[in-house]
1. Report Cys363's accessible area, 1.4 Å probe, all protein chains in place, as a number in Å² to the nearest 10.
2. With every protein chain in place, what's the accessible area of Tyr214 (1.4 Å probe, Å², nearest 10)?
3. Quick one: 3J(HN,Hα) in Hz for the range 107-122, Karplus 6.51/-1.76/1.60 with θ = phi - 60°, rounded, Gly and Pro as x.
4. What is the set of long-range amide H partners of Glu103 at a cut-off below 5 Å, with H atoms built 1.01 Å from backbone N?
5. Provide, for q = 0.14 Å⁻¹, the log10 of I(q)/I(0) from a solvent-free Debye sum over equal Cα point scatterers in the range 116-193.
6. So what are the range 253-372's ellipsoid semi-axes, whole angstrom, largest first, if each one is the square root of 5 times an eigenvalue of the alpha-carbon gyration tensor?
7. Please list Ile27, Ile70, Ile315 from largest to smallest accessible area, probe radius 1.4 Å, with all protein chains kept in place.
8. Please arrange Thr343, Thr65, Thr314 by accessible surface area, largest first, computed with a 1.4 Å probe and ligands excluded.
Amino acid sequence: MLSQAAIPFFNYPAMFSERRDEYMAAIESCLERGAFIMQQDLVDFENELAAHLGVKHAIGVADGTMALTIALRLANVQPGDEVIVPSHTFVATAAAVHHVGAEPVLCDCGPDHLIDVESAHTMLTAKTKAIMPVQLNGRVADMDAVEAFANEHSLQIVEDSCQAMGAKFRDRYAGTFGVAGSFSFFPAKTLGCFGDGGGLIIDDDDLAAQARIYRDHGRNPETGKVDFFGHNARLDNVQAAVLRIKLKHYNEAVAARRRIAALYQTRLGDVNELVLPPAPDTDPRHYDVFQNYEIEAERRDELRAYLSAQNIGTILQWGGSMIHQFDGLGLRHHAPFAEKLSTRFMMLPLHHLLTDDEVNRVCDTIIAFYQN
């Protein structure tokens, strides 16, 4: 009997073939015009992204890590400061803090896999300058709790919203709660280009002007002079042209992700060995975009092996490690829930081109594993 067709965790070739002609026309236009760095395509993308999210400024940068680094600089995080970061996130969140000379300290996540403010309280010191909530997997954290904590202790909020473009909490978009919001346009993101890319969203005119100088070596676009040491952190113009096309279809892509998440909930919600993320619209405070479908599973490693044998791809986010588990970093931490979560968490396939038949096959295979 022939094996069934593979269901990859993420189908990169399909993302290109979906609108191949449109992408190639935009790329060829950039190449023919010699429009590679800081050209009109980037300006147009920034304006369209700002309009989409209802903010004054969107600024394209090289990647999500640079977006975070610049946001921390805008928050005036200095060497000797400490920034509270959840351990359940990509290492880039903590790395950005390190790159501005500050110290990342790691708090726990809660059952929603997002920052646990009670744990953050245990990490406070006289050096704490900011808190960096991570809007993970396409869901915004409880920003009521984060804002109350930040106000109580006079802390800056710098959001890592790299995985939550378009997600909302109480009708406010991810990225609009603090000094600046950050996005990653890595290819597998809900809005992904064909390489590395990132962005900042900012409502303050002066901070936006600073961010534009930071991303271009510290060079002031009005004077041509270098005002301070910055970064080579510009979003490539060709990638901006690709992102303009994807942004036009963004809402329909998110709608598809939410429909797939609802189907996973319907099929797997009664499997006792699993903990699923909240289904769409189960909490009126949240609008989730389902960047990832991260579950908890008993006998996780066996389940992954079983799915792999049936040509179904899954991954462990960040290789299965929380930041506090990277011994070489030696970071102060309080993350007992994240420690346990690291033995249980995994991600199922979810992207807007996934078919119902593919989702049902994933679910059938998981159900069969636990029944057997």
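The values are calculated or read from the model by the stated rules, or taken from the named source; none is laboratory data. Not measured: the values here are computed from a predicted model. FYI the Cβ positions are ideal-geometry reconstructions off the backbone, even for glycines, and counts take in every protein chain you see. Side chains included, ligands, DNA and RNA excluded: accessible areas come from the protein's heavy atoms. Shrake-Rupley method; radii C 1.70, N 1.55, O 1.52, S 1.80 Å.
1. 0 Å²
2. The value for Tyr214 is about 30 Å².
3. 9, 8, 10, x, x, 7, 6, 9, 4, 9, 5, 4, 5, 4, 4, 6
4. Those lying under 5 Å, H to H, from Glu103 are Gly80, Asp81, Glu82, Val83.
5. So the normalised log intensities work out to -0.45.
6. Details: eigenvalues 127, 72, 36 Å².
Each semi-axis is the square root of five times an eigenvalue, giving 25, 19, 13 Å.
7. Working: Ile27 35, Ile70 0, Ile315 60 Å².
The residues order as Ile315, Ile27, Ile70, largest area first.
8. Values: Thr343 85, Thr65 45, Thr314 20 Å².
Of Thr343, Thr65, Thr314, the descending order of accessible area is Thr343, Thr65, Thr314.
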